[in-house]
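Some notes on the structure that comes next.
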Amino acid sequence: MHLTISSIPAEWFWGEKALLSTNKHVMTIHLIDNDPLIAIQKAGRIISKQGIREIALIGDAWNLNRCWAFWQGFYSPKKESCITWPILLDKDRKELNDRIKVVDWVRHTINTPADELGPEQLVQNTIGFIFSIAKNDANYRILAGKSLLDNRYLGLYSVGRSSDRNPVLLTIDYNPSGDTKTPTLFCLVGKGVTFDTGGYHLKNSVFMNSMKSDMSGAAMLTGALALAICRGLKKRVQLILCCTDNMINGNALKAGDIIHYRNGKSVEVMNTDAEGRLILADGLIDASLIKPKFIVDCATLTSAAKIALGNDYHALFSFDEILAKELIKSAREEHEYFWRLPLAEMHRCHLSSNFADISNVTYCNSTITAGASIAAAFLSFFIENYRCNWLHIDCSASYYEKEVEKWSAGSTGLGVCTLANFLLAKEKD
Ligand code: BES
Ligand code: ZN
Ligand code: ZN
């Protein structure tokens, strides 16, 4: 099948403002008064749903971003596809290939069932993928199972100890200078929960069904680092992934348990389903010890962010006005969607505990609270200088349970390009 783009409306019998028309072996996308990239992505999805898996993009109306929009919509988690791309400038062709390689990995990894992708597999896949791109410019360190306890990574250990599969902390040090004294520009800290049952605060089945995707933050940051390296990143970046299941057994976390973190903070666990913040705390303590210029964490942390923004935007939180604006700018340049939600000192006051320094959730069940902002505030207790140079992203746009006009069911890969762009923008500062 051939696919072309036209700015002329389809003939009347295709219906008013028809997006697509067909003539023998050629389909046409009609761009009239619609946003071209959104229209092309929707067309990609419609064509994919028809079962067409081989397609050649023809004509000269295609460019890098239009090809990319088509790929995003055409992607299917169930079927391979074969797209013949139009002629593009060499640099655009390379960028398109890099985006496909990276985002395909991210989407596939997130869509993989939890049974096939536990913490250990996630870590091994991540190492394999990053090293296929970074070659000799990176090193890694793994801490797993009992070693986490021995080294006092007690958030990650406590959440992970109730699974038959060991929790794992992965640190990948991308350092093209090869000099261990080189300062680190970014620490990227990702939530890699390979399945979130909620623990003893068990999720109901509707909410549990998509929880294989609770490692989206880790996958998204891996993709961002990989794409930034493809685009020529030369500064040192450390990726810290906190990988675990959140399960139930006789040794699981219980309500009221207290975790004593390495930074001196104690946390009373008042909800075992707020596990993301418990494991990220360990990653953020490590990040603070490294003393990078910037810390960015990504996590599917709250359903509250999804309630606020749907699946359309990732939620951004920061005390740092300038840095937040720069991230939004990076997103706009990549045609991706991020929306800033509030994070202020007042949110840090909602975590009081009767038995520890803080609780992992707001105690009182009867009032409605700003769940996503309070989750972000919780993380701030584990960052030395939380008011500057730190961004938290609650990945509300990474996964659709059902397909929609623009996206197949499953992972979107949204955010990878924005974060890659942001890493490179700050490298040049
Ligand atoms: N992984 C979930 C958040 C989530 C749910 C992300 C659905 C995407 C879709 C997280 O671990 C969680 O369960 N958070 C709780 C926190 C609450 C207990 C304060 C939530 O948001 O319900
Ligand atoms: Zn949870
Ligand atoms: Zn979770």
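Every number in this text was worked out from the coordinates using simple rules, so none of it is lab data. As the structure is a computational prediction, the values presented were derived from the model and not from experiment. Using ideal geometry, Cβ is built from the backbone for each residue, glycine included, and neighbour counts are taken over all protein chains shown.
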When only C-alpha pairs under 8 Å and at least 6 residues apart count, what is the relative contact order of the chain, in percent?
17 percent
Give me the angle, in degrees from 0 to 90, between the Cα long axis of helix 90-111 and the longest principal axis of the Cα atoms of the chain, rounded to the nearest 10.
50 degrees
Check which residues have an amide H placed less than 5 Å from Val189's amide H, if you skip close sequence neighbours.
Ile240, Val296, Asp297, Cys298
For Arg236, residues with placed amide H under 5 Å, excluding near neighbours:
Leu185
Computed over the stretch 100-244, the relative contact order (Cα-Cα under 8 Å, seq sep at least six) in percent reads 36 percent
Net charge over other residues, Cβ less than 9 angstrom from the Cβ of Cys230 (K, R count +1; D, E count -1):
+2
Evaluate 2.2 N^0.38 Å with N set to the residue count of the stretch 62-142, then give the Cα radius of gyration divided by it.
1.30
Which order results if Met208, Met247, Met220 are arranged by neighbouring Cβ count within 10 Å, fewest first?
Met208, Met247, Met220
Share of alpha-carbon pairs per 10 Å distance bin for the stretch 74-121, given as whole %
20, 43, 25, 11, 1
In nanometres, what is the gap between the two model label sites at Asn23 and Asp104, each 7 Å from Cα along Cα-to-Cβ?
3.2 nm
For a quick check: with amide H placed at 1.01 Å from N, whose amide H comes under 5 Å from Ser359's, ignoring anything fewer than 5 positions away on the same chain?
Glu268, Ser352, Ser353
Hz values of 3J(HN,Hα) by residue in the stretch 408-423 - Karplus curve (6.51, -1.76, 1.60), Gly and Pro given as x:
5, 4, x, 6, 9, x, 4, x, 4, 5, 4, 5, 4, 4, 5, 4
So what's the chain giving for Rg/Rh, alpha carbon basis, Kirkwood Rh from the mean inverse pair distance?
0.99
Ranked list, fewest to most other Cβ atoms within 10 Å of each Cβ, for Ser21, Ser163:
Ser21, Ser163
Could you tell me which of the pairs Lys191/Lys235; Lys212/Lys306; Lys42/Lys402 are separated by over 21 angstrom between their Cα atoms in the structure shown?
Lys191/Lys235
Phi angles of the stretch 206-222, converted by Karplus (6.51 cos²θ - 1.76 cosθ + 1.60, θ = phi - 60°) into ³J(HN,Hα) in whole Hz with x for Gly and Pro, give 4, 7, 7, 4, 9, 7, 5, 8, 6, 9, 4, x, 5, 5, 5, 5, 4
If you build a Gaussian network model of the chain, linking Cα atoms that sit under 10 Å apart, which residue out of Cys242, Cys364, Cys298 swings the most?
Cys364
